[in-house]
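Since the structure comes first, as structure tokens, the remarks are kept for the end.
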Amino acid sequence: MHVTTGSGETALNVWTTRITRWMTRLMHGISGHWLLLVNALFGFFYLVLPTLAPVLMLAGQEKAANVLYTIFRPLCHQLPERSFFIGGPQAVYSLDQLTQLLGGGGVPARYIGDATIGYKIAICERDVAIYLAWVVAGIAFYWLRKRLRPLPLKQFVLFMVPMAIDGFGQLFGLWESTWVSRVITGGLFGIATVLLVYPYLEKAMAEIRGATQPEALQIGDD
């Protein structure tokens, strides 16, 4: 029995060529704008969405706000005494202050606030500092990318030490960290992460841009 597959093979080749062309253009585009994409995604997910949670609570959209608090629950302890608040008389509250405001009956670990004191951001103060510094340093990297070299690992560890000391000291009851110490140590870590990782990403993306040049691969229009 003789089976003719020429037309099928031709159609397959056409679609293979088209998919290759589309994927090549996609990779070329992403590699050319990776910094913008990473900054936008990080800023939206780790800054805009957590801040939107208390804004929604203030607007009376409790269900939508609770969805955001739930999304970030696995990513952060969300302790109210270590979180920034929006819509109240203060941006931060100590555990003692919250205890007094709630009538002395203790503060639930997942307490999000109320209309009187405001509502907390869905991630803690240290995380806000980490991601804000990460995005700001990522934006600055646009102008510094040609001059920066990856941060040596030993220096990266040094940037982490203040956060580790502050966190472990509080964990073992040696002292109570403050919002200032959390912001400073978290910010240092966020900046160090960009200095360590982004130069490597820039090099990798430059290689992808070169490898996916349409003229280099002889990929033209349909």
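Computed quantities for the displayed model
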quantity	calculated
Angle in degrees between helix 49-58 and the longest Cα principal axis of the chain, rounded to the nearest 10	50 degrees
For the chain, size of Cβ-based charge dipole, Lys and Arg +1, Asp and Glu -1, in debye	440 debye
Kirkwood hydrodynamic radius of region 1-94, from inverse mean 1/r over distinct Cα pairs, in Å	18.0 Å
Rg/Rh (Cα only; Kirkwood hydrodynamic radius) as it applies to the chain	1.17
Lys pairs under 27 Å by Cα in region 24-217, provided they are eight or more residues apart or on distinct chains	4
Helical contribution to [θ] at 222 nm, DSSP H n ≥ 4, -39,500 (n - 2.57), averaged over the chain, rounded to 500	-21000 deg cm²/dmol
Region 34-76 - Kirkwood radius from inverse mean 1/r over Cα pairs (Å)	10.9 Å
Max mean-square fluctuation residue, GNM over the chain, Cα-Cα springs under 10 Å, options V136, V194, V14	V14
Helix axis angle, 6-32 relative to the chain longest principal axis, alpha carbon, degrees	40 degrees
Cα centroid separation - region 140-176 against region 92-119, whole Å	31 Å
Listed residues T70, V38, G88: farthest to the positive end of the dipole of the chain (Cβ charges)	V38
√(5λ) per eigenvalue of the Cα gyration tensor, region 40-113, largest first, Å	22, 13, 12
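Readers should treat all values here as calculations from the given coordinates under stated rules, not as data from a laboratory. If you're wondering where the values come from, they're calculated on a predicted model, not measured in any experiment. Glycine also receives a Cβ, built like all others from the backbone with ideal geometry; neighbour counts cover every protein chain displayed.
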